[in-house]
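The values are calculated or read from the model by the stated rules, or taken from the named source; none is laboratory data. From a predicted model like this one, the values you see are computed outputs, not experimental measurements. A quick note on method: Cβ atoms are made from the backbone with ideal geometry, for glycine too, and the neighbour counts reach across all protein chains shown. To get the accessible areas, we keep the full protein, side chains included, count just its heavy atoms, and leave off ligands, DNA and RNA. Shrake-Rupley method; radii C 1.70, N 1.55, O 1.52, S 1.80 Å.
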Amino acid sequence: MSGLKWFLFHRGGPRWPAAAARRRTCALGALAIVMVSLTPWGPPSNWPFVADAAELSGIHKIQHIVVIMQENRSFDHYFGTYPGADGIPMQNGVPTVCVTNPRSGQCVKPFHDSHDLNRGGPHSARNAVADIDGGKMDGFIGQIGGRRGGCVGAFDPNCGGGTGEPDVMGYHDAREIPNYWTYAREFVLQDHMFEPNASWSLPEHLFMVSEWSARCTSADPMSCVNELQSPDRLIRRGKQGVAKPNYAWTDLTYLLHKANVDWAYYVAEGTQPDCDDDAAACPAKPQRAGTPQIWNPLPWFETVREDGQLRNIKTVSHFFEAARNGTLPAVSWVVPNGRVSEHPPALVSAGQTYVTSLINAVMQGPNWSSTAIFLAWDDWGGFYDHVVPPAVDENGYGLRVPGLVISPYARRGYIDHQVLSFDAYVKFIEDDFLGGRRIDPKTDGRPDRRPDVRENLPQLGTLVEDFDFNKPPRAPLVLPINPPPGPAPAGR
């Protein structure tokens, strides 16, 4: 881009709505020309100084990234019969795979489940190992019978299943989740999206924002050690009682804050699970934006507190307001409450309605033409999946989950077969807004003991493949929040 075409609008500086940016063009244009005439250099190659958003190219056409993270569904459970996807192995419409029920000795095939309420199965780190069973992918039913203790609460990661036929082998299709299937048909479905680590919700959310799950003994990042299952384990301090966990390692918001890239973490207030990893019962507890919990770990991050960024953790009502006003930050994460989370036993329909309302808000707002929405489910929830996760390091990957990319630049009807995890979201954010800088203890100024730089692992694909930036942005696709059932897949 020539020097005459840029003015001082840095992606890492103050962010204005597109209309406001256009209004500032005339005011700053003369300044830009003077600056170019006085200096022999143009803008740094990784700083997209632009006269208008329309002049951005490639990945930088995405000025707003929205990560919507739902709960506890496997890929085969939601898209196992989606045409063209790597779904449940079938022959003549009949599954060719089954999982033995150790109680009855019956080998249970995946089956269509029309129920809106599911129970799922246990989904801690040890359950992930057992479900995968060395690549046999046959532990799902056995883990239901092997859960410890009773199951009083709705969200205990050691609970799941119920009486009768185990619903971990059930799958849904457009008859129950028509909007999700419509998004797959009209945008991008990722059929090799894996949870970043083989464990439950809290570690997944930690990887989502920081690429690590660890336990720390002080505010020093070097005090943190790898902890896949229980990073929030409370520290007993004698008569002083219990200290809350301190996430001292580096997270993505630290890099965003240093680069003046705005972000927000939106929390749907209500209830949420709050279990110890070994809990036999887990009653729901209140979830609030200002209260750190397993779906909202950022308030416990040392960097967030030190940088004065706690105010960036907001209620989901602020997301709808920002979408309506065209003031979405560069990076948004949106997490649900228990009722709309799809975390069993939450209703599938309630989650789909909530997610559709989030996506509709973006599509009907001024930021749609420059937004990418990444929709996923944080872990497999004990539900069957037939694909063996690739081993990338000591933490993962975990089991396969659904992934969707919804954007005016997303390829239409495209199935992405790349190996992906939530690490790909972080990588895309870093490439778009940070010039490719990574959460890397060797370069980010906050050394820690993380095993590797997840974004640079050779197995990880790139989300750039899911976009066609050479075409003009597509019109929004606003869907009903309470849709009628869709059709059954052909041959099912």
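Of LYS109, LYS244, the residue with the largest accessible area leads and the full order is LYS244, LYS109 (1.4 Å probe). Residue by residue, the stretch 102-114 carries 3J(HN,Hα) couplings of x, 6, 9, x, 6, 8, 8, 7, x, 9, 5, 10, 8 Hz when phi is fed to the Karplus relation 6.51 cos²θ - 1.76 cosθ + 1.60 (θ = phi - 60°); x denotes Gly or Pro.
Rg/Rh for the stretch 176-231 (Cα atoms only, Rh after Kirkwood) is 1.21.
Charge tally around TRP377: other residues with Cβ under 9 Å, Lys/Arg +1 each, Asp/Glu -1 each, net -4. Taking θ as phi - 60° and the Karplus parameters 6.51, -1.76 and 1.60, the scalar couplings of the stretch 352-367 work out to 4, 4, 4, 4, 4, 5, 5, 5, 4, 4, 5, 5, 8, x, x, 8 Hz in sequence order, x denoting glycine and proline.
Calculate the FRET efficiency for ASN226 and ALA284 from the Cβ-Cβ distance with a Förster distance of 41 Å, rounded to the nearest 0.05. In this case the efficiency is close to 0.90. In this rough spin-label picture, where each label sits 7 Å from Cα along the Cβ direction, the ALA488-THR182 distance is 2.2 nm.
Pairs of alpha-carbon atoms within less than 8 angstrom and 6+ residues apart define the contacts here; what relative contact order does the stretch 61-115 have, in percent? Rounded, it is 17 percent for the stretch 61-115. Whole-Hz Karplus values for the stretch 459-469 come out as 6, 7, x, 10, 6, 4, 5, 8, 10, 10, 7 Hz, taken residue by residue from phi with 6.51 cos²θ - 1.76 cosθ + 1.60 and θ = phi - 60°; glycine and proline positions read x. Apply the a/c threshold of 1.5 to the C-alpha gyration tensor of the stretch 428-476 and tell me whether it is rounded, prolate or oblate. Cα axes put the stretch 428-476 in the prolate bin. State whether the stretch 322-377 is rounded, prolate or oblate according to the following rule on the C-alpha gyration tensor (a ≥ b ≥ c being the square roots of its eigenvalues): a/c under 1.5 gives rounded; otherwise a/b larger than b/c gives prolate, and the remaining case gives oblate. Taking the square roots of the gyration eigenvalues as a ≥ b ≥ c, the stretch 322-377 is prolate. Within the shell defined by Cβ-Cβ distances under 11 Å, the residues around PRO221 carry a net charge of -2, with Lys and Arg each +1 and Asp and Glu each -1. In this structure, the amide hydrogen of THR100, modeled 1.01 Å from its nitrogen in the peptide plane, lies closer than 5 angstrom to those of VAL108, counting only residues at least 5 positions away or on a different chain. The Cβ shell under 10 Å around GLY413 holds other residues with a net charge of +2, Lys and Arg each +1, Asp and Glu each -1.
Let me make sure I get this right: for the stretch 311-406, a, b and c are the square roots of the gyration tensor eigenvalues over alpha carbons, sorted descending. Under 1.5 in a/c it's rounded, otherwise prolate if a/b > b/c, else oblate. Which is it? The shape class here is prolate. Amide H contacts under 5 Å for ARG175: GLY486, restricted to partners 5 or more places along the chain or on a different chain, H placed in the peptide plane at 1.01 Å from N. Between SER317 and SER349, the C-beta separation translates, for a Förster distance of 22 Å, into a calculated FRET efficiency of about 0.50.
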